[in-house]
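Participant: Quick one: structure below, then a few questions.
Values quoted throughout were computed directly from the atomic coordinates according to the rules given, and no laboratory measurement underlies them. None of the values given here were measured: they were computed from a predicted structure. Cβ sites come from the backbone with ideal geometry, for glycine too, and all protein chains shown count toward neighbours.
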């Protein structure tokens, strides 16, 4: 029963992402779709997936802390996983911020 519920929730969460679902009229026929905009959308999708994976890894490392039961090797592994998941989240956030910073420098001109 719980397995079926878990699969159902997963399916409901990920089907719109996998099908790139968009509401009607989201993309007008007049819009300028350029290779740069396509690349930007693909990179945003990759950065989102990376950030999502890092958050899942963070949750998993928390589970590893709880299930370590005082075993020093398991705690060491959990601590390492926690460190790398935080680094992954930081890299994922920088992946979103970096293009905006570059765009700002280009528009204003570097002085």
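Participant: For 72, 77, 83, what ranking results if the residue with the fewest other Cβ atoms within 10 Å of its Cβ goes first?
Facilitator: 72, 83, 77
Participant: Now, a different point. For a footprinting-style exposure proxy, rank 37, 85 by other Cβ within 10 Å, fewest first.
Facilitator: In order of increasing Cβ crowding within 10 Å: 37, 85.
Participant: For a Förster distance of 22 Å, can you work out the FRET efficiency between the beta-carbons of residue 10 and residue 90, rounded to the nearest 0.05?
Facilitator: My answer for the efficiency is 0.25.
Participant: At 0.36 nm per residue, and after removing the present C-alpha to C-alpha distance, how many nm does the segment from residue 106 to residue 34 gain when stretched out fully? If you can, show how the numbers build up before the last one.
Facilitator: Values: separation 72, 0.36 × 72 = 25.92 nm, distance 1.93 nm.
Going from the current span to full extension adds 24.0 nm.
Participant: How long is the gain from residue 80 to residue 42 if the chain were fully straight, where each residue apart is worth 0.36 nm and the alpha carbon distance is subtracted?
Facilitator: Full extension of this stretch gives 10.7 nm more.
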